[in-house]
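A.B. asks: Before I ask anything, let me first share the structure, which is written out below as structure tokens.
The values are calculated or read from the model by the stated rules, or taken from the named source; none is laboratory data. What you see is a predicted model, and the numbers here were worked out from it, not measured in a lab. Accessible surface is based on the protein model in full, side chains and every heavy atom, while ligands, DNA and RNA are left aside. Shrake-Rupley method; radii C 1.70, N 1.55, O 1.52, S 1.80 Å.
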Amino acid sequence: HSMISACPGLCSLDLRGFVAEDADVSPLLQLPATCQSLKVAGWPFGGRAAGVVAQLTQLTHLTWTNSP
């Protein structure tokens, strides 16, 4: 969360392999409008995360792999 607020001009975020299995992914909702590319993978990005990611309407590129 603090990383997101510290980078207001963030354009791209790659979280593959960096998010704990039981992590809350709702802080992604605070991504700035400049962030148009997101890469995620693994167990933290299962069904529950889909609702969060679906709200990131500024994304023009999404890579989502190896998730349940």
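A.B. asks: With a 1.4 Å probe and every protein chain kept in, tell me what percent of the accessible surface of the stretch 21-68 is carbon plus sulfur.
C.D. replies: Its accessible area is 51 percent carbon and sulfur atoms.
A.B. asks: Taking 0.36 nm per intervening residue step and subtracting the Cα-Cα distance, what contour gain separates C7 from L62 on full extension?
C.D. replies: Additional length available on full extension: 17.9 nm.
A.B. asks: Out of residues 5 or more away from L13 or on other chains, whose amide H comes under 5 Å of its own, with H placed 1.01 Å from N in the peptide plane?
C.D. replies: Residues meeting the criterion, in which the H sits 1.01 Å from N, are S37, L38, K39.
A.B. asks: Rounded to the nearest whole Å², what accessible area per residue is found for the chain with the 1.4 Å probe?
C.D. replies: Solvent-accessible surface per residue comes out at 61 Å².
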